[in-house]
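The values are calculated or read from the model by the stated rules, or taken from the named source; none is laboratory data. The shown structure was predicted, so the numbers you read here are calculated from the model rather than taken from an experiment. Reconstructed Cβ throughout: ideal geometry from the backbone, glycine too, with neighbour counts over all protein chains shown. Each accessible area value is taken on the protein alone, full model and side chains, heavy atoms only, with ligands, DNA and RNA left out. Shrake-Rupley method; radii C 1.70, N 1.55, O 1.52, S 1.80 Å.
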Amino acid sequence: MNCSNVEDTRHDWRRREVEELFRLPFTELLFRAQAVHRRHFDPAEVQVSSLLSIKTGSCPEDCAYCPQSAYHDTGLEEERLLEVQEVVAAARAAREAGVGRFCMGAAWRSPGDADLEQVEEMIRAVKGLGLETCMTLGMLDREQAERLRAAGLDYYNHNLDTSPEFYGTVITTRTYQDRLETLRHVREAGIKVCCGGILGMGEERRDRIGLLLQLANMDPHPDSVPINLLVQVEGTPLEGVEALDSLEFVRCIAVARIMMPASLVRLSAGREGMSDELQTLCFLAGANSVFYGERLLTAPNRETGSDERLFERLGLKRMEPVAEGSKVTRSGAISYRACRSS
Ligand code: SAM
Ligand code: DTB
Ligand code: SF4
């Protein structure tokens with residue numbers, strides 16, 4: 001089987017079709033998502049990334065969910081940009097823990113020139129350890145994206161966060177269009193795109209559908225799609241918002257899998273509050289990537305050992321980045337790398 005024969009990857013999704021997917025009986029939806037998942041991936045493999053905040057707090061943006069925004073009093077201490085050696089030490093520890101991709105995040109609107117030089121050094125150093133690199137630094141212009149690519153950056157994370165309609169209730173200091181432009185610069189520079197959003201911010205199902213439509217009608221699809229469940233942080237405007245129904249969250253994962261068959265769908269923020277059983281349903285629905293480690297950027301993540309235990313109980317294994325040119329994983333499923341490059 002070759003990816004070019006797989007005809008389930010589309011970029012012309014209509015709202016009505018997606019509404020119909022959401023209305024399917026839960027069991028039928030999960031069955032369909034599983035079928036799509038197996039055409040593109042080994043269902044026993046999960047890609048593992050880890051996160052490091054390289055510059056924390058005092059962000060000039062007003063994202064209502066974010067503990068790092070200077071607009072909210074969350075008690076977070078501002079930290080300077082980390083030294084390259086500090087980043088390398090964290091990346092080395094992540095590699096030793098079996099992580100494949102190291103994602104570095106900064107609480108910036110966009111990187112300044114001097115900062116970008118230091119960030120370029122970080123990319124070179126982390127890549128030198130044999131890890132895939134990912135950065136999330138806010139908005140990028142074309143030249144900045146090209147500089148990051150030249151330094152060897154593999155992925156750039158920049159989320160759309162929610163639907164265009166709901167967006168203005170969450171963020172006012174940066175537009176949806178700004179985000180789309182950064183994503184275009186990243187793609188045009190030849191960096192792989194990591195783009196997703198947050199659920200459970202008080203949005204309606206129509207907004208969750210709106211977000212998925214935006215993501216799945218990108219051509220090509222984002223290579224990685226982080227689906228975050230809001231981590232409610234004291235002092236942020238979204239503290240106390242009504243929690244999202246867990247099964248609606250699983251439905252979103254399943255619909256994301258069906259709409260973006262060959263992308264890594266990452267179960268991202270919010271896992272700390274999820275039971276093993278809920279996460280298992282997410283894997284069944286087609287999630288095949290997680291953030292590993294005790295901390296996300298500033299918020300807590302799952303405690304050490306709990307993912308190892310869960311993977312062991314479920315018979316899941318970590319996805320190895322597959323060498324270029326190789327088409328098939330051990331189980332016979334097509335590798336995500338091979339899919340993306342064919
Ligand atoms: N400042 C950069 C930016 O916003 O592009 C990069 C870092 S920012 C923290 C990365 C992403 O984390 C956000 O786009 C958002 O989707 C997610 N995020 C932030 N706070 C969150 C929270 N409390 N719960 C869930 N996801 C969150
Ligand atoms: C993404 O979509 N989720 C990650 C990563 N990309 C950078 C960040 C989650 C942040 C959760 C809140 C915090 O740790 O501050
Ligand atoms: Fe700043 Fe990013 Fe947080 Fe928004 S999400 S406040 S841009 S760190």
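Which whole-number value in Å² is the accessible area per residue of the chain, probe 1.4 Å?
Per-residue value: 42 Å².
May I ask for the net charge around C194, where only other residues with Cβ less than 10 Å from the Cβ of C194 are counted and Lys, Arg are +1 while Asp, Glu are -1?
That works out to +1.
Could you report the accessible area of T304 in Å², rounded to 10, computed with a 1.4 Å probe on the protein chains as they sit in the structure?
Roughly 90 Å² of T304 is accessible to a 1.4 Å probe.
Which net charge results for the neighbourhood of F291, defined as the other residues with beta-carbon distances under 12 angstrom from its beta-carbon, given Lys and Arg at +1 and Asp and Glu at -1? Could the numbers behind the result be given before it?
On the way: positive: R101, R266, R271, R295, R302; negative: E272, E294, D307.
Overall, the nearby charge balance is +2.
In square angstrom, rounded to the nearest 10, how much accessible surface does R39 have for a 1.4 Å probe?
Rounded to the nearest 10, that gives 90 Å².
Springs between alpha-carbon pairs under 10 angstrom, Gaussian network model over the chain: which of A97, A151, A106 fluctuates most?
Greatest mean-square fluctuation among the candidates belongs to A97.
Taking the Cα centroid of segment 74-91 and of segment 8-57, what is the distance between the two, rounded to the nearest whole Å?
32
Where the accessible area of the chain is counted over protein heavy atoms with a 1.4 Å probe, how much of it, in %, is carbon and sulfur?
Answer for the chain: carbon and sulfur cover 48 percent of the accessible area.
Report, in deg cm²/dmol and to the nearest 500, the calculated mean residue ellipticity at 222 nm for the chain, where each DSSP H run with n ≥ 4 adds -39500 (n - 2.57) and the sum is divided by the residue count.
-11500 deg cm²/dmol
What does DSSP give for the chain in terms of the percent of beta bridges that are antiparallel, rounded to the nearest 5?
Roughly 5 percent of the DSSP beta bridges within the chain come out antiparallel.
Calculate, for R10 and R318, the FRET efficiency according to 1/(1 + (r/R0)^6) with r their C-beta to C-beta distance and R0 41 Å; round to the nearest 0.05. Intermediate values should be presented prior to the final figure.
Numbers: r = 30 Å, r/R0 = 0.72.
Efficiency computed from Cβ-Cβ geometry: 0.90.
What accessible surface, in Å², does a 1.4 Å probe find on Y65, ignoring ligands, DNA and RNA and rounding to the nearest 10?
Its heavy atoms expose roughly 30 Å² to the probe.
So what's the net charge close to I258: Lys and Arg +1, Asp and Glu -1, counting the other residues with Cβ under 9 Å from its Cβ? Each step should come with its number before you reach the end.
Values: positive: R32, R257; negative: D8.
Value of the local net charge: +1.
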